[in-house]
Amino acid sequence: MVTKPMIRTGARAPSPKPAVPAKTTVTTGTALAKPTTSKAPAKGLVFTHNGHRYRLDGMPVTGVTTLIGEGVPKGALIPWAAEMAGEWAMEHLEQLPVMPREEAIREMKYAWRKHRDDAGATGTAVHKMAEQLSRTGEVDADEDLLGYVEGFAQFLDDWQITPVLLERPCGNRTHHYAGTFDMYATSPLLAGGKLVQIDLKTSKGVYGETALQLAAYAKAEFYIDDHGDEQPMPEVHATFVAHVTPMDREGGHARYGDRPLGTSLYAMATSPEEINEHFGWFLAAAYTAKAKKARELLAREPLALPAAVAA
């Protein structure tokens, strides 16, 4: 039987343990009680994993990240997409001369999608393993993601993180939005031990617009507990981003550049007052996003001359 070491935080003394091939168990000294099975409420907030959609009281409701994506300009995406097209072209120099023109243009045009989808798949997998590690204290980590999980386990121990709520849907009826936050936690090293919110990111970098996302979750009116019931949102005293990166910069991990190895913590809002300010920014972005359909209806057809003038 193939055995792999159980990676522990703290002293990290290796201990042999049977493991599923291509997986390694990572443990941490921090864990959250295992939840009971969730049930979907007949009313209230419902999240559909297939399609990542929310319904609130039977009506579709837009997610926080969608509102921010459509309400905050992303000028850097244009040169990034062009860079992805250029990289694809350089990687296929030998095929380009014999490739049909339309096919080559199509491949370059959508080269960014593969990079986005690959990064998204990695982020989803890391989030799931980080949640399990936070909830139970251990996780069977895929070998290609082991560096991410080891760094995250070290982060939980170094910062003395005690999870309180993990991956819960939340909503706001007043402003009509929904989302799912990553972690509410406490730490004697953060906000004087008061409740804080931590969002996990595996992106290339950490960006200020995440403050809007965290504020929207913090100002939600309720969250859905493990029984499928609505609970009032607890007060959050500060918000942070945990930038989860691997423990090396080899191969595809080179995209993280000179960012610190492992998981690093970044402050977004250091007080409830700053959270309120960021929430105002979110509402402005949400307003712009929600007006998108109305804007698209403008200037559809040119005006025709009145009949009297046309004659």
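Since every read-out is calculated from the coordinates, none of them should be taken as a lab result. A quick note: this is a predicted structure, and the numbers were derived from the prediction, not measured. Glycine gets a Cβ as well: all are built from the backbone with ideal geometry, and neighbour counts include every protein chain shown.
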* To do: Take LEU165, LEU303, LEU189 and order them by how many other Cβ atoms sit within 10 Å, fewest up front.
  => LEU303, LEU189, LEU165
* Run the quick spin-label model on LYS114 and HIS253: label points 7 Å from Cα toward the beta carbon, then report their separation in nm to one decimal. => 2.3 nm
* To do: Compute the Rg to Rh ratio over region 75-138 from the alpha carbon atoms, using the Kirkwood formula for Rh, and round to two decimal places.
  => 1.24
* Interchain or long-range residues, amide H under 5 Å from ASP248's placed H -> GLY262
* Structure fact -> Under Stokes-Einstein, region 76-231 at 4 °C and 1.567 mPa s, with its Kirkwood radius over C-alpha pairs, diffuses with a coefficient in µm²/s of 70 µm²/s
* How do the peptides 137-145, 68-76, 208-216 rank, highest first, by the average count of neighbouring beta carbon atoms within 10 Å per residue? -> 208-216, 137-145, 68-76
* To do: Express in nm, to one decimal, how much length is gained between GLU143 and GLU277 on full extension, taking 0.36 nm for each residue of separation and deducting their alpha carbon distance.
  => 44.1 nm
* Would you please give the residues with an amide H less than 5 Å from that of ASP57, counting only those at least 5 places away or on a separate chain, with H modeled from the backbone geometry? => GLY44, LEU45, VAL46
